[in-house]
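Encoded as structure tokens, the structure appears first; notes follow it.
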Amino acid sequence: MKIVYINPNATRAMTEGIVATARAALPGAEITGMTNADGPAAIEGAADGDAAVPGMLTRLEAAQAAGADAVVIACFDDTGLAEAQARAACPVLGIGQASFVMAALLGMRFSVVTSLPVSIPVIEENISRQGFAQNCASIRASGLPVLTIDAGAPETLDRIAATIDATAGEDGAACAVLGCAGMAPLKPALEARTRVPLIDGVAASALLARAAVEAKRGVGMRAP
């Protein structure tokens, strides 16, 4: 099974961390990454997301040409997800979408911990449009830029962990969703700093992509 993660931003180091996380979650699959060199260095809000879509769709075409069984849009904002799904012959998932689905499958009311406040409206709209508003306790911004999160300094981890703790203590969340792709490699260090269960959309998307590919193959076998 070949799964391609497309990072809609232009930061290659983030792509590498995303791919490593996905491979650890699904070691039996062939997982590769593509970086949108035509996009912004980080996606922080709707304007950055809009700017990233054309380049992301170009990488989608390349992923399909390379024989991808599934594609994952590796930005928590699910940047261009609807457009990609409309164009692709294979399943296309977003890591935000995968997080919400996983929380729902586990029966857990979730809060999202993200980067900057400018990201909250996009995430809020996605949660509502995808039908998960009733499962969401809150969306909290850590106040940290995406590239600061990706660097993963100890003070960054402490601040994210404090925000995670607030989702349980103040918002009544049963789990916290890591609302930035750059948080995926930080999950083990964050787990050491908080007792709140964490859901990482990169790992969740790898597992759900496998399920989607297998389901599509099964449907195809039964098709007339």
- Message: Can you tell me which condition Ile31 does not meet? The list is (1) out of contact with any Asp or Glu (no Cβ under 6 Å at 6 or more places or on another chain); (2) open to solvent by 40 Å² or more (accessible area, probe 1.4 Å), and all the others hold.
- Response: (2)
- Message: Checking the condition surrounded by fewer than 24 Cβ atoms within 10 Å (Cβ to Cβ) and under 17 Å from the mean Cα position of the chain (by Cα), which residue from Ala66, Ala74, Ala20 passes?
- Response: Ala20
- Query: In the range 101-116, what residues are free of Cβ contacts under 8 Å to residues at least 24 places away in the same chain and either touching a Leu at 6+ places or on another chain (Cβ under 7 Å) or outside any helix (DSSP H, G or I) (or both)?
  - Reply: Gly107
- Item | Flag for Thr58 being among the β-branched types (Val, Ile, Thr) and within 23 Å of Ala20 (Cβ to Cβ) | no
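The values are calculated or read from the model by the stated rules, or taken from the named source; none is laboratory data. Because the structure is a prediction, the values reported are computed rather than measured. Quick reminder, even Gly has a Cβ in these numbers, built from the backbone with ideal geometry, and neighbours come from all protein chains shown. Protein only, heavy atoms only, side chains kept; ligands, DNA and RNA dropped before computing areas. Shrake-Rupley method; radii C 1.70, N 1.55, O 1.52, S 1.80 Å.
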